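What follows draws every value from the coordinates through simple rules; no lab data is involved. No experiment lies behind these values; they were computed from the predicted model shown. For neighbour counting, all protein chains shown are included, and Cβ atoms are generated from backbone atoms with ideal geometry for every residue, glycine included.
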Amino acid sequence: MNESARVPAALPVKRSEHRQVTLLIGLSQLIVTTDFSIVGVALPSIGRDLAVAADLLSWVVAATSLALAGFLIPSGRAADMFGQRRCIELGAALFAGASLLCALAPGIGWLIAARAVLGFGAAILAPASLSLIHTLLPEGPVRNRALGLLGTMQGFSLAIGLVIGGAVTSAFGWRAIFLVNLPPILLIVVLARRVIPAVTVRSVKQALDVPGAVLVGLGPSSVLASISMLNRRGWDYAPGLIMLATATATLALFFFVERRVKAPLLPPRLFTFRNVLGGNLATLFLMGAIAGMFVLMSLLVQQRYGLTALSGGLAMMPYAAAVAFGGKVVSLGMTRATLKTNALGGIVLQIVAFALLCGAVPSVNYVAGVMPGMICGGIGNAIAFVALMAVATEAVPRQEQGVASGALLAAQQLGVAIGVAIVLMGLSSGGFTGGFLTAGVFGLSAMLVVATATTAIHRPGGTSGHMSREGREAV
């Protein structure tokens with residue numbers, strides 16, 4: 001891309017429909033991220049009811065994660081080729097249908113297969129809806145508010161999912177948790193048909209990149225599977241190490257192939273933008289820090305105070321409220337400072353939170369010990385997450401927003417998997433202090449990448465979302 005490349009303006013959408021588009025984006029991301037924590041709370045009940053051992057039970061979550069990670073980038077490209085509305089409707093239909101099949105599952109095999117289909121539906125839905133931020137919403141305050149809401153939804157969903165999952169499972173049984181998905185899915189379809197043009201971008205006419213689709217499908221999902229295996233069996237487990245090395249080689253081969261095919265699934269030119277490359281890498285580290293922090297805080301409040309999963313979820317609500325507040329802060333901050341400044345500020349708050357939580361470990365006082373770090377981290381996480389999402393996609397042409405969104409979401413998935421695995425290693429070797437210090441290393445890594453591998457994106461007066469001259473330069 002040359003230096004003068006600019007992101008095309010968003011397609012015209014009525015001002016009265018801006019809130020509906022924003023709601024559609026927020027709901028789509030909410031149901032995908034909430035599913036993880038809702039199902040996680042219900043796993044013990046599922047295991048008892050279906051008489052399933054823990055190793056097999058873990059595949060109820062793993063099947064969804066692997067399908068989601070493997071299909072995000074191909075699905076994002078499909079949104080560019082066939083239009084966001086078609087992909088949102090298809091993804092929503094698969095998600096809803098799979099949710100019903102999960103609720104009706106007579107055995108564990110049925111449930112795992114349905115969860116894989118649900119992950120496939122989520123992989124179609126998530127990048128298509130995320131790409132609407134840059135294809136339908138105008139630059140400035142409207143787009144900033146949508147990004148802020150998205151950051152709020154992403155963080156809030158983890159904590160609220162614990163509460164919803166615990167409450168629904170306790171009151172109605174584990175099958176009912178899958179029915180929780182249906183009302184928001186129905187609303188998403190209604191909104192999609194109401195506010196999204198039938199074809200939101202000019203279809204990309206190209207041959208299907210079969211080798212790229214196969215490699216990118218196997219790569220991320222194999223990384224997640226190998227990390228999960230090593231986390232259960234130990235990091236000296238030879239088959240797991242071989243699988244991880246093979247998965248890494250598969251990802252490397254994918255990028256090699258994409259540089260040589262005529263119509264690549266993931267155009268390498270996207271990563272000639274410093275902010276696309278740096279934004280994705282920083283997001284991977286950031287999500288490792290965020291996921292590690294969330295898991296550690298959840299364990300800390302339950303183990304230190306002897307809380308149940310539901311009570312522990314309620315104890316995490318200050319974090320969710322802080323994330324919501326951070327989403328409001330960043331939507332205003334992006335009109336007053338560069339995205340890079342916002343990202344660095346949020347990461348600094350996150351690192352301060354890790355320091356506070358390390359100091360809280362010896363404390364037995366939840367309010368004075370845990371809550372300050374929880375609140376500081378929630379605000380910082382939201383600010384950094386939203387700013388980096390904008391950094392990684394702001395310069396991408398509208399006709400490639402789908403695949404760029406898929407790549408960003410794949411980086412998030414990998415960051416979560418790698419972060420949780422390594423942070424739990426820190427927990428096992430150094431207790432909660434070791435775990436928080438390990439998560440802090442991920443935060444420091446994200447800060448280093450943002451400081452050295454991204455450039456300023458200026459939004460003077462909240463009306464310009466384009467990159468500065470430096471920001472448009474290729475690596």
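Couple of notes before you dig in:
- One chain, two ends: Ser429 and Asn365. Fully extended at 0.36 nm per residue, the span grows by 20.6 nm beyond their Cα-Cα distance.
- Exposure proxy for Met425, Met297, Met447: other Cβ atoms within 10 Å of each Cβ, ordered fewest to most, give Met425, Met447, Met297.
- Cα gyration tensor shape of the stretch 207-347, rounded if a/c is under 1.5, else prolate or oblate by comparing a/b with b/c: oblate
- If only the Cβ of Lys and Arg carry +1 and only the Cβ of Asp and Glu carry -1, the dipole of the chain around its Cα centre is close to 1020 debye.
- Trypsin sites (Lys or Arg not before Pro) within the stretch 212-259: DSSP coil, no more than 12 neighbouring Cβ in 10 Å: Arg259
- Label-point gap, in nm, between Leu437 and Glu17 - each point 7 angstrom along Cα→Cβ: 5.5
- Sites Ala238 and Arg194, calculated FRET efficiency, Cβ-Cβ separation with R0 45 Å, nearest 0.05: 0.25
- Computed over the Cα atoms of the stretch 207-262, pair by distinct pair, the Kirkwood hydrodynamic radius stands at 11.8 angstrom.
- Structural descriptor for the stretch 207-262: relative contact order 47 percent, calculated from alpha carbon pairs under 8 angstrom and at least 6 residues apart.
- Relative to the globular-protein estimate of 2.2 N^0.38 Å, the Cα radius of gyration of the chain stands at 0.92.
- Normalising the average separation of contacting C-alpha pairs (under 8 angstrom, six or more residues apart) by the number of residues puts the relative contact order of the chain at 25 percent.
- Between Leu444 and Arg48, the modelled label-to-label distance comes to 4.4 nm, taking each label 7 Å out from Cα in the direction of the beta carbon.
- A Förster distance of 30 Å, applied to the separation of the beta-carbon atoms of Phe255 and Leu56, puts the FRET efficiency at 0.30.
- Loop-located chymotrypsin sites (Phe, Trp or Tyr not before Pro) in the stretch 105-158 (DSSP state not H, G, I, E or B) with no more than 12 neighbouring Cβ atoms inside 10 Å do not occur.
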